[in-house]
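Worksheet for the structure shown next.
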Amino acid sequence: MRIAYYPGCTLKTNAKNFEDSAIASAKELGIEMVEPDRWNCCGTVHALVKDDVMHHLAPVRNLIRVEELKEADKVDSKQVVTLCAMCYNTLKRSNQTFNEDADKKQKIHDVMYKEDIKYSGNVEVLHYLEVLREIGWDKVKEAVKKPLDGLKIAPYYGCLLLRPRGIGIDNADNPTIIEDLIEALGGEVVDFAYKQKCCGAYHTVHMKEAVADLSHNVLKYAQDAGADLLITACPLCEYNLGPRQTQIKKQYPIFDSIPVVYFTQLMALAFGLNDGATAFEANKPDPTPLLTERGLME
Amino acid sequence: MENNVEMVTIHVMGKKHGVPNDLTIMKAMEYAGHQFRRGSGCRGGYCGACATLYRVKGSYKLEGALACQKIVEEGMYIAQIPFNPAEKITYDIEKVRPAVNTMVEHYPELSRCLSCNTCTKACPQDIMVMDYVQASLRGDITQAAKLSFDCLTCGLCAVRCPAEIVPYNAATLARRLYAKYIDGPSKHVIDRAAAVEAGEYDEGIKELMEMDKEPLQKLYENRDVNIHG
Amino acid sequence: MADNESGYPAYMAESLKKVVETRAERVGKSFTPMNAQQKTDILKNFHPDWKMDEKRELRVGHNKGAQMPHEVVDIIEAHSIIKAENIDLSNIDYDVDVLIIGAGGAGLSAAILAMDSGIEPDKILIVQKLRLGDANSKMSQGGIQAADHPNDSPTIHYLDVIGGGHYSNKPELVEVMVKDGPEVIKWHEELGVLYDKMEDGSMQLAPGGGTSRRRMHSCKDYTGMEITRVLMDEVINREISYVELTSAVEFIKDDKGQVAGAVLYDMDHDDYKIARAKATILATGGFGRLHIQKFETTNHYGSTGDGIIMAYRAGADLLHLDSTQFHPTGSAYPEQIVGQLCTEKLRARGAQPLNIDGELFVYPLETRDVEASALIRECYGKDKGITTPVGMKGVWLDTPLIDIINGEGTIEREFAAMHRNYTKFGIDIRKEPMLVFPTLHYQNGGVEINVRCETNIPGLYAAGEIVGGIHGKNRLMGNSQLDLYVFGKRAGIAAAERAKTIELGELSLKHLDDYEELLKKEGIETDRKSPILLPEYRGKKTLDHQLKLL
């Protein structure tokens, strides 16, 4: 299956480990992720722009790129998969606005008069987790060569995968999609109260103390519930929960560090992929001591 | 009509003029009596000195062009932008390296890019400006260098950008970094420079310098021409 | 433009048809180059340099008697635009170690090397008539020569240069230029210039007119612009001081006869400023905008030969100004771009010059003077040119051959500038040929220097197109780009060295009064003033009604 893949800025830079592990694990499942030749930033940050036409130019332009891939027969459908939860949320919401608001649709086309094609509105935006759910957890389980036996994994959703209603990939109050993945990979689910609570998001830029407070709550609840590590689907969450632990330690000296990895990295590990597919070198704190101690890594 | 050439009406900085319809904006302005001090450079589409903004009567769209390359149209309203106010960040090319965050570190305003594509629309060189700004934003210096190569630094993109980015300044950094560190120098050039310094060609050339004209001419006319290898 | 739509007027269709019909058999066809006698004959009969009534003898100064085009003599036999008595030399606006006049390839290189040689950046001043980098250097398209390929050598390069220059070049200048060549390319790469490379990382090299090896390094067809961009960036990064829209109009000397700076004219404010400098580098470029023999030119707006007259009034030696280079392939259609450069690299990559019958009539890579003469002969001697709607004549340059020989996409990649330029005017050079005719291109002669870029006047250095003697009576493609950086660097180094030890005396403009006396003595009566700074292109009506009230 060939599906259009929208990376987003961070996946090419600070979250390259997310992309590498995702593409490798997708291949194991028979999915070829096809990146468009041209794409631009999804526009997440521009949600702060009041002018609500400008806000949509960036995402809609990326959806046009997906349509171009289909026109060129480089992918099998007009679906696009993203890895970053913020990109997912932004692209999907823009797509919805475009299809529901005829006036905005017209304005967007007027401003983008130099694009080669008009957007038809027919692209379906999916998060990778949805694609996995669609393929079926059985199929995912079949690809597992080294089940994550005994590994206690806390699923962290954050905000943008689940909200608002109509955009979220699962029930915001009681999601199960990441739990299903964990079970398919052979790991043990550790449910905890803060799995859908905010990590602090962009406040990390100028209010890192507040972010440290929020993230500390998430991590502490997961630890108290017995988790060995957390998994996440968003580079910003990964940053606030992972590397930010240095700041958290400053504010909460008795805090013990706990690894945070992308769900795709555990997929790559469970699928038995080598050759850098797990890409743990970039993660802070380093998850390899824990995984080695559990016999899941050499 | 003048000398069998049709005339058109244009406005330059608000003043109305009748000019022959086959002149470029630059020559039309001179025809109307303007002497360029700023706003004219190579006159051949190579230097970006004549960056011009204009609208055509009946259209709200603001267009950009090089005055030396664009032929006048009936109803053009023209203004020149001979200078773009923009600070160019200074750096030491020996010390900077191409890394994922290099571009954003030097030009943080790159992250304000809305992907609105106004810069691309303004560019008289058909460069995909937004694409190279986006490439710079995500640290793809190779892509930014290649896409921006034909840039004349005319400034039209910067003048129009709503996020107040100066794309061409960032592009210059990307290209130099790509050429110096990613593409890298050619070995045979370095080797030959060293050989020259070591004096390997001194004797051969001195011999030619001391030759009389006749033998030199003979040598020249019978020299081996090998331009296919 | 639809596939069968032509960018040319209907009456040219028949000739274009012949071009298309003969194309298949012309691919890669060779044409015998001319022998020495044929070359001499064609130059004598058709090269503009040989039209003796377009030249006259210079009547003033120590190069009196030299033959030069009327347009050049006109600016030399002219009054200064300033009068010494009206200039207050006591108020110095810029007091520096090294003054560089002109910010093209030579000026920018000189500035960087002066700083590398130990001069503080704020003690270097570049003055530039237009903007930093506005110069002919920027417009060079095809390439820069340097003998760094394994099957080439500076010795072979030397022979090409001296032969191409008709043996009139100064040997020591050629020696220095060909030997410094590889080092210049190395220096460019260290600064981050983006040269075209082969897959294996080696330089992509092309031949040129009169070169016996592939020696032309290029940056697509934006070679000059790419190098200039990088040098400009470097100058700004190093915070070397420069001031734009400021022309130098006369040198200042001191009571010891040294050049001690220049009188500057602010082009925005119409006032003058005084720059005092321990060493001055003249890098003012060419003279295309003098429109010699009414030719259109490839040169940029400010190329009015200012350096020639400034240097001459100060007592510098000039040489070879009787020799002017006409680039064989300037655009001849459409009218809006007549005279613009169409790089020699087009021919290096396979384009052929054709007459109205679609016939190849000359070896495409003769030296420029011979090639230009051949085109002129074809149009005016044999009457086999194509006439444009405004009465100009030209020949076809069959550019579609380039993609045929080198693969589809070659033109788009390697001639992006040309392709874009012509597309804007409705011609797709991948499908249709260009129409070309020789255009005024390069000042072969100029101020005389030695290998340290010293002129015969202490304190005055020169580099770049303003210099004469390097290329003899005919310059090869890609050697001007080379000489800019070779001599620009040398001038910077030499000027810096001098600035560290020299003392300046009392400033004076007496040499201007002396020159006035010379003009009187020779009985030269004229209203002309020079340097002219900018060409005059305003409409007749405006000029006839000029009033200067403010």
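Scanning segment C:291-347 for residues that are within 14 Å of another protein chain (Cβ to nearest Cβ) and either among the acidic types (Asp, Glu) or assigned to a helix (DSSP H, G or I) (or both) turns up C:Glu296, C:Glu335, C:Gln336, C:Ile337, C:Glu344, C:Lys345, C:Arg347. B:Thr153 passes every criterion in (1) in contact with a Pro (Cβ under 7 Å, 6 or more places away or on another chain); (2) within 22 Å of C:Ile227 (Cα to Cα) apart from (1). Evaluate the following for C:Leu108: is it in a helix (DSSP H, G or I), under 27 Å from the mean Cα position of the chain (by Cα) and assigned by TED's automatic domain parsing to the domain that holds C:Met477? Judged against the criteria, C:Leu108 is a match. Of B:Gln69, B:Gln35, all but one fail to be in contact with a Leu (Cβ under 8 Å, 6 or more places away or on another chain), polar (S, T, N, Q) and either in a loop (DSSP other than H, G, I, E, B) or within 10 Å of chain C (Cβ to nearest Cβ) (or both); the exception is B:Gln35.
Which residue is modelled with the lowest pLDDT, if the candidates are limited to segment C:366-393 and must be out of contact with any helix residue (DSSP H, G or I) (no Cβ under 7 Å at 6 or more places or on another chain) and outside any loop (DSSP other than H, G, I, E, B)? Across segment C:366-393, the extreme among qualifying residues is C:Arg368. Helices (runs of 4 or more DSSP H) fully within segment A:60-172 that include at least 2 residues being assigned by TED's automatic domain parsing to the domain that holds A:Asn240, in contact with a Lys or Arg (Cβ under 9 Å, 6 or more places away or on another chain) and modelled with pLDDT under 90: none found. Would you confirm, using the coordinates I've provided, whether B:Ile78 is at pLDDT 95 or above, surrounded by 16 or more Cβ atoms within 10 Å (Cβ to Cβ), more than 13 Å from chain C (Cβ to nearest Cβ) and closer than 16 Å to B:Ala122 by Cα? For B:Ile78, the condition - at pLDDT 95 or above, surrounded by 16 or more Cβ atoms within 10 Å (Cβ to Cβ), more than 13 Å from chain C (Cβ to nearest Cβ) and closer than 16 Å to B:Ala122 by Cα - is met. Does C:Gly7 count as small (Gly, Ala, Ser), closer than 30 Å to C:Asn406 by Cα and surrounded by 12 or more Cβ atoms within 10 Å (Cβ to Cβ)? Here the answer is yes, as C:Gly7 does meet what is asked. Tell me, yes or no, whether segment C:32-47 has at least one residue that is touching a Leu at 6+ places or on another chain (Cβ under 7 Å) and away from chain B (no Cβ under 14 Å). No, the conditions are met nowhere in segment C:32-47.
Within segment B:124-144, if we keep just the residues that are within 7 Å of another protein chain (Cβ to nearest Cβ) and of a type in the set (A, V, I, L, M), the residue that is farthest from B:Ser111 (Cα to Cα) turns out to be B:Met130.
Name the residues in segment B:183-212 that are charged (D, E, K, R), surrounded by 11 or more Cβ atoms within 10 Å (Cβ to Cβ) and farther than 30 Å from B:Asp140 by Cβ, would you? Explain how you work it out, then say what you get.
Restricting attention to segment B:183-212, the residues satisfying the condition of being charged (D, E, K, R) are B:183, B:187, B:191-192, B:197, B:200, B:202-203, B:206-207, B:210, B:212.
Now drop any that are not surrounded by 11 or more Cβ atoms within 10 Å (Cβ to Cβ), which leaves B:183, B:187, B:191-192, B:197, B:200, B:202, B:206-207.
Residues satisfying the conditions are B:Asp191, B:Arg192, B:Glu197, B:Glu200, B:Asp202, B:Lys206, B:Glu207.
Might you let me know whether segment B:189-207 holds any residue that is facing another protein chain (nearest Cβ under 7 Å), within 29 Å of the chain's Cα centre (by Cα) and without any contact (Cβ under 8 Å) to a residue 40 or more places away in the chain? Within segment B:189-207 (the criterion being facing another protein chain (nearest Cβ under 7 Å), within 29 Å of the chain's Cα centre (by Cα) and without any contact (Cβ under 8 Å) to a residue 40 or more places away in the chain), the answer is yes, since at least one residue qualifies. Does C:Leu89 qualify as being out of contact with any helix residue (DSSP H, G or I) (no Cβ under 6 Å at 6 or more places or on another chain), more than 14 Å from chain B (Cβ to nearest Cβ) and over 28 Å from C:Met232 (Cα atoms)? Against the criterion (out of contact with any helix residue (DSSP H, G or I) (no Cβ under 6 Å at 6 or more places or on another chain), more than 14 Å from chain B (Cβ to nearest Cβ) and over 28 Å from C:Met232 (Cα atoms)), C:Leu89 qualifies. Only one entry of B:Val19, B:Val8 meets the criterion of being within 11 Å of another protein chain (Cβ to nearest Cβ), closer than 21 Å to C:Pro389 by Cβ, in a strand (DSSP E or B) and in contact (Cβ under 8 Å) with a residue 40 or more places away in the chain, and that entry is B:Val19. So B:Ser115 clears everything in (1) facing chain A (nearest Cβ under 8 Å); (2) more than 22 Å from A:Leu11 (Cα to Cα); (3) not in a helix (DSSP H, G or I) except one condition, right? Which one? Single failed check for B:Ser115: (2). When each of C:Val193, C:Val230 is tested for being within 30 Å of B:Ala49 (Cβ to Cβ), within 7 Å of chain B (Cβ to nearest Cβ) and assigned to a loop (DSSP other than H, G, I, E, B), the lone residue that passes is C:Val193. So for segment B:102-113 (the condition being farther than 27 Å from C:Asp134 by Cα, in contact with a Cys (Cβ under 9 Å, 6 or more places away or on another chain) and among the hydrophobic types (A, V, I, L, M, F, W, C)), does at least one residue qualify? Looking for residues that are farther than 27 Å from C:Asp134 by Cα, in contact with a Cys (Cβ under 9 Å, 6 or more places away or on another chain) and among the hydrophobic types (A, V, I, L, M, F, W, C), one finds at least one in segment B:102-113, hence yes. Every condition in (1) in a loop (DSSP other than H, G, I, E, B); (2) under 25 Å from A:Lys250 (Cβ atoms); (3) in contact with a Leu (Cβ under 8 Å, 6 or more places away or on another chain) is met by A:Gln196 except one, and the failing one is (2). Among the residues of segment B:72-85, those identified as of a type outside the set (Ser, Thr, Tyr) and either in a strand (DSSP E or B) or more than 25 Å from B:Glu164 (Cβ to Cβ) (or both) are B:Val72, B:Glu73, B:Glu74, B:Gly75, B:Met76, B:Ile78, B:Ala79, B:Gln80. Look at (1) within 16 Å of B:Pro124 (Cβ to Cβ); (2) not in a helix (DSSP H, G or I) and you find that B:Met26 fails only one, number (2). Pairs meeting the criteria (first residue in segment A:56-74 and at the interface with chain B (Cβ under 9 Å from one of its Cβ atoms), second residue assigned to a helix (DSSP H, G or I) and hydroxyl-bearing (Ser, Thr, Tyr), beta carbons under 6 Å, at least 6 apart or on different chains) are A:Pro59/A:Thr90; A:Pro59/A:Ser94.
Taking the listed residues C:Glu465, C:Glu454, C:Glu432, the one that is under 30 Å from B:Gln69 (Cβ atoms) and over 19 Å from the mean Cα position of the chain (by Cα) is C:Glu432, with no other qualifying.
The values are calculated or read from the model by the stated rules, or taken from the named source; none is laboratory data. For clarity, every value in this text was computed on a predicted model and none was experimentally measured. Counting neighbours? That spans all protein chains shown, and the Cβs are built from the backbone with ideal geometry, glycine included.
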